[in-house]
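Here's the structure we're looking at; comments come further down.
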Amino acid sequence: MIKINDNFCKLPAAYLFSEVARRIDAFRKAHPGVDIIRMGIGDVTSPICQAAVDAMHRAADDQLSEFTFHGYGPEQGYSFLREKIAEYDYRSRGVNVGIDEIFISDGAKSDTGNIGDILSRDCKVAVTDPVYPVYVDTNVMSGRAGELCDGRWSRIEYLPCTAENGFVPALPVDNPDVIYLCYPNNPTGTTLNREQLAKWVDYALAHNALIMFDSAYEAYITDDDVPHSIYEIPGAEKVAIEFRSYSKTAGFTGLRCGYTVVPKSLMGVDSDGREVSLNALWNRRQCTKFNGASYIVQRAAEALYTPKGQRQVKETIDYYMRNAKVLRDGLTEAGLEVFGGINAPYIWIKTPDAMSSWDFFDLLLTECNVAGTPGSGFGPSGEGYFRLTAFGRYENTVEAVERLKKLKF
Ligand code: MLT
């Protein structure tokens with residue numbers, strides 16, 4: 001029989017969001033006809049904006065003619081999109097990112113998961129805790145995580161982010177080679193300001209660490225002092241890879257498009273001590289394993305940078321952030337302690353009476369028919385917390401708050 005990658009057997013049986021979906025489905029089957037408000041996985045509910053849909057129609061028509069048809073595209077993405085990214089997402093913020101430092105992908109989940117391909121299996125990893133499970137699970141798959149013991153992987157350094165430290169992680173003590181940061185943060189919905197993020201860049205520069213910076217939620221930033229890109233911090237181009245996504249920005253969770261920036265000044269070292277460009281390695285990896293995001297989807301992403309696209313994207317983000325405010329205000333009124341939701345579409349709730357995250361999940365599902373995500377699913381420091389997303393319909397969000405208020409915490 002074929003030998004398998006043993007690391008997969010070390011993983012918990014199900015990916016967090018699959019397990020949440022399984023439990024909701026089981027509840028639905030046991031209680032047919034019950035109206036469950038789903039605020040678990042951060043999937044969007046607003047349709048794709050007109051500018052992007054129009055662009056997709058045009059791109060689909062391109063495929064009808066031998067003169068405008070597009071087959072395989074560049075693995076790195078089309079320059080029409082990469083140029084817009086360099087100009088609107090970076091130059092407009094005073095950051096210089098070259099076109100050849102931008103790699104279009106089918107989303108940040110894939111890239112944050114795949115990026116480990118270019119790193120040594122020996123690299124030590126640090127994550128903020130709680131954390132988006134993809135970072136940890138993919139390091140388990142590639143054999144970097146060690147063994148699972150009391151909910152912690154032995155070779156991963158966990159950097160707790162809790163109400164006690166204001167959700168600002170302390171700098172690592174175990175000299176990690178790779179540090180995953182996600183800001184605005186999934187799942188806590190909190191952020192780091194410029195000064196706080198600069199400490200991480202300085203740390204990485206001083207300790208030769210590589211920061212994997214996931215800024216999938218940057219479009220939700222409202223505070224001026226919160227950087228949209230890690231490259232706004234001087235020196236970050238020597239220590240950070242940045243991941244972006246159109247999923248939460250423009251409702252592309254189904255369309256699939258995002259991008260990763262791997263600066264050319266980012267160097268690694270091989271086992272003979274020779275310096276190697278990470279940009280070159282990622283390019284090599286992508287050319288081999290990825291055939292690029294589809295032409296039609298990249299045209300849709302390009303349209304988001306037009307004035308019409310920008311306006312329509314902002315309308316949708318404002319819609320979700322109104323939900324976030326409804327959740328923050330309503331749940332606080334209901335007697336719960338809540339965090340996040342100001343620069344991010346996630347609300348992080350302290351469970352009442354030290355209830356466990358899964359018990360609170362069950363309580364909300366059975367008593368209110370509201371489904372969220374248990375904080376403990378995101379890591380040990382998520383225990384005693386619970387996440388709701390602001391990505392629902394406004395009416396459902398208001399209704400969910402009304403149902404929760406009846407519980408009287
Ligand atoms: C989440 O709910 O954390 C996200 O939707 C997951 C993802 O983006 O993959």
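The values are calculated or read from the model by the stated rules, or taken from the named source; none is laboratory data. All figures in this text were calculated on a predicted structure; none of them were measured in a lab. We place every Cβ from the backbone using ideal geometry, glycine too, and count neighbours over all the protein chains shown. These accessible areas exclude ligands, DNA and RNA; they are computed on the full protein's heavy atoms, side chains included. Shrake-Rupley method; radii C 1.70, N 1.55, O 1.52, S 1.80 Å.
(1) at negative phi; (2) within 16 Å of the ligand (Cβ to nearest atom); (3) surrounded by fewer than 21 Cβ atoms within 10 Å (Cβ to Cβ); (4) among the basic types (Lys, Arg): which one isn't true of ARG256, the others all being true?
Result: ARG256 fails condition (1) only.
Could you tell me whether segment 241-250 includes any residue that is open to solvent by 30 Å² or more (accessible area, probe 1.4 Å), more than 16 Å from the ligand (Cβ to nearest atom) and not in a strand (DSSP E or B)?
No, because not a single residue in segment 241-250 is open to solvent by 30 Å² or more (accessible area, probe 1.4 Å), more than 16 Å from the ligand (Cβ to nearest atom) and not in a strand (DSSP E or B).
Are any residues in segment 38-61 away from the ligand (no atom under 16 Å from the Cβ) and open to solvent by 40 Å² or more (accessible area, probe 1.4 Å), and if so, which ones? Working first, answer last.
Restricting attention to segment 38-61, the residues satisfying the condition of being away from the ligand (no atom under 16 Å from the Cβ) are 47-61.
Answer for segment 38-61, where residues must be away from the ligand (no atom under 16 Å from the Cβ) and open to solvent by 40 Å² or more (accessible area, probe 1.4 Å): PRO47, ILE48, GLN50, VAL53, ASP54, HIS57, ARG58, ALA60, ASP61.
Counting only residues that are among the hydrophobic types (A, V, I, L, M, F, W, C) and within 23 Å of THR373 (Cα to Cα), which one in segment 1-18 is modelled with the highest pLDDT?
Of the residues in segment 1-18, the ones among the hydrophobic types (A, V, I, L, M, F, W, C) are 1-2, 4, 8-9, 11, 13-14, 16-17.
Okay, now just the ones that are also within 23 Å of THR373 (Cα to Cα), so 11, 13-14, 16-17.
On the way: LEU11: 92, ALA13: 78, ALA14: 79, LEU16: 85, PHE17: 86.
Taking the candidates together, the pick is LEU11.
Out of segment 1-30, which residues are in contact (Cβ under 8 Å) with a residue 24 or more places away in the chain, more than 16 Å from the ligand (Cβ to nearest atom) and more than 19 Å from GLY143 (Cβ to Cβ)?
Passing the criteria: only PHE27.
Tell me, which strands (runs of 3 or more DSSP E) lie completely within segment 321-409 with 3 or more residues that are open to solvent by less than 10 Å² (accessible area, probe 1.4 Å), in contact with a helix residue (DSSP H, G or I) (Cβ under 8 Å, 6 or more places away or on another chain) and within 16 Å of the ligand (Cβ to nearest atom)? I'd like the intermediate steps shown before the answer.
Values: elements: 337-340, 346-350, 385-389.
Result: 346-350, 385-389.
Among the residues of segment 102-127, what is the count of those that are among the basic types (Lys, Arg), within 16 Å of the chain's Cα centre (by Cα) and away from the ligand (no atom under 14 Å from the Cβ)? Working first, answer last.
Taking segment 102-127 first, the residues among the basic types (Lys, Arg) are 109, 121, 124.
Remaining after also requiring within 16 Å of the chain's Cα centre (by Cα): 109.
Next, from what is left, pick out any that are away from the ligand (no atom under 14 Å from the Cβ): none.
The total comes to 0.
How many of the residues in segment 1-40 are acidic (Asp, Glu) and farther than 24 Å from ASP150 by Cβ?
Of all residues in segment 1-40, those acidic (Asp, Glu) come to 6, 19, 25, 35.
Those left that are additionally farther than 24 Å from ASP150 by Cβ: 25, 35.
Going through segment 1-40 one residue at a time, the tally reaches 2.
Among the residues of segment 152-165, are any within 16 Å of the ligand (Cβ to nearest atom) and either free of Cβ contacts under 8 Å to residues at least 24 places away in the same chain or under 21 Å from ALA108 (Cβ atoms) (or both)? Show your work before the answer.
Residues of segment 152-165 that are within 16 Å of the ligand (Cβ to nearest atom), as a first pass: 161.
Remaining after also requiring either free of Cβ contacts under 8 Å to residues at least 24 places away in the same chain or under 21 Å from ALA108 (Cβ atoms) (or both): 161.
Checked against the condition, which is being within 16 Å of the ligand (Cβ to nearest atom) and either free of Cβ contacts under 8 Å to residues at least 24 places away in the same chain or under 21 Å from ALA108 (Cβ atoms) (or both), segment 152-165 yields at least one hit.
Among the residues in segment 128-135, are any away from the ligand (no atom under 16 Å from the Cβ), modelled with pLDDT of 95 or more and of a type outside the set (A, V, I, L, M, F, W, C)?
Taking segment 128-135 and keeping what is away from the ligand (no atom under 16 Å from the Cβ), we get none.
There is no residue in segment 128-135 that is away from the ligand (no atom under 16 Å from the Cβ), modelled with pLDDT of 95 or more and of a type outside the set (A, V, I, L, M, F, W, C).
Kindly indicate whether ILE317 is within 16 Å of the ligand (Cβ to nearest atom) and within 21 Å of the chain's Cα centre (by Cα). Spell out the reasoning first.
Values: within 16 Å of the ligand (Cβ to nearest atom): yes; within 21 Å of the chain's Cα centre (by Cα): yes.
Yes.
May I ask you to verify whether SER92 is without any contact (Cβ under 8 Å) to a residue 12 or more places away in the chain, open to solvent by 20 Å² or more (accessible area, probe 1.4 Å) and among the hydroxyl-bearing types (Ser, Thr, Tyr)? Show your work before the answer.
On the way: without any contact (Cβ under 8 Å) to a residue 12 or more places away in the chain: yes; open to solvent by 20 Å² or more (accessible area, probe 1.4 Å): yes; among the hydroxyl-bearing types (Ser, Thr, Tyr): yes.
Taking the combined requirement at face value, the residue satisfies it.
Looking only at segment 138-190, count every residue that is open to solvent by less than 40 Å² (accessible area, probe 1.4 Å), assigned to a strand (DSSP E or B) and aliphatic (A, V, I, L, M) and tell me the total. Walk me through how you get there before you give the answer.
The first filter runs over segment 138-190 and keeps only residues open to solvent by less than 40 Å² (accessible area, probe 1.4 Å), leaving 138-140, 143-146, 153, 156-159, 161-163, 167, 169, 172, 176, 178-190.
From what is left, the residues that are assigned to a strand (DSSP E or B) are 153, 156-159, 178-182.
Checking which are aliphatic (A, V, I, L, M) leaves us with 156, 159, 178-179, 181.
Looking only at that region, the number is 5.
Looking at (1) surrounded by 16 or more Cβ atoms within 10 Å (Cβ to Cβ); (2) over 20 Å from ARG82 (Cβ atoms), which is the only condition LEU278 fails?
Going through the list (1) surrounded by 16 or more Cβ atoms within 10 Å (Cβ to Cβ); (2) over 20 Å from ARG82 (Cβ atoms), LEU278 breaks only (2).
Being modelled with pLDDT of 95 or more and either surrounded by fewer than 15 Cβ atoms within 10 Å (Cβ to Cβ) or among the β-branched types (Val, Ile, Thr) (or both): is that true of LEU64 here?
On the way: modelled with pLDDT of 95 or more: yes; either surrounded by fewer than 15 Cβ atoms within 10 Å (Cβ to Cβ) or among the β-branched types (Val, Ile, Thr) (or both): yes.
The answer is yes for LEU64.
Looking for something at pLDDT 95 or above, aliphatic (A, V, I, L, M), open to solvent by less than 80 Å² (accessible area, probe 1.4 Å) and within 24 Å of the chain's Cα centre (by Cα) - is there at least one such residue anywhere in segment 24-37?
Yes.
Got a sec? Which of ILE241, ILE317, ILE296 is in contact with a His (Cβ under 9 Å, 6 or more places away or on another chain), under 27 Å from VAL134 (Cβ atoms) and touching a residue at least 60 places away in the same chain (Cβ under 8 Å)? Spell out how you get there, then give the answer.
Details: ILE241 fails: in contact with a His (Cβ under 9 Å, 6 or more places away or on another chain); ILE317 fails: in contact with a His (Cβ under 9 Å, 6 or more places away or on another chain).
On inspection, the qualifying residue turns out to be ILE296.
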